[in-house]
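See below for the structure under consideration.
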Amino acid sequence: MKILVTGNTGYIGPVLGEKLKQKYNDLKLIGFDTGFFAHCLTGVNVSPELNYDVQYYGDIRKLDKNVFHGVDIVIHLAAISNDPMGNNFASVTEEINSKASENVAKMQNELVLESLYLPLVAVCMAQQTLKQKKRVTV
């Protein structure tokens with residue numbers, strides 16, 4: 001099974017990648033992130049992209065549909081989640097958190113066989129899907 005995680009070097013992605021690889025070593029994890037904040041991480045033992053089989057770097061607003069090739073599940077974590085940053089850069093926050101997220105959802109719907117998971121339920125839902133090997137949608 002191939003899982004694409006957007007925002008995989010942010011707050012949740014590194015831990016998610018590590019936990020999924022520990023539990024399901026036959027997974028192929030694909031990461032997509034800008035990598036802007038990877039150097040700020042705490043609570044992880046290795047660089048986040050080391051838990052991913054393939055790592056793409058880029059702007060989520062310019063996500064190429066080829067990244068979705070062969071992907072079964074998309075876990076969309078890419079977002080600006082810092083309130084002061086969102087307030088200071090409102091238009092960029094809107095582009096990333098809203099418009100780019102809509103684009104990811106459209107591409108997932110068009111190109112991926114399984115499900116799209118959003119941040120609040122991503123970890124639990126991905127583990128449930130892998131455990132049950134069935135489609136679960138939110």
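Each of residue 69 and residue 57 was given a label point 7 Å from its Cα along the Cα-to-Cβ line. The distance between the two points is 2.1 nm. Counting other Cβ atoms within 10 Å as a rough exposure proxy, the listed residues 12, 73 run 12, 73 from fewest neighbours to most.
Determine, for 64, 26, 53, 72, the number of other Cβ atoms within 10 Å of each Cβ, and report the residues in order from fewest to most.
Numbers: 64 11, 26 7, 53 14, 72 17.
Fewest to most other Cβ atoms nearby, the residues stand as 26, 64, 53, 72.
Fewest-first ordering of 34, 93, 9 by other beta carbons within 10 Å of each residue's beta carbon gives 34, 93, 9.
Just so you know, all these numbers are worked out from the coordinates, no wet-lab data involved. Worth saying up front: this structure is predicted, and the values here are computed from it rather than measured. All Cβ positions, even for glycine, are placed from backbone atoms using ideal geometry, and neighbour counts span all protein chains on display.
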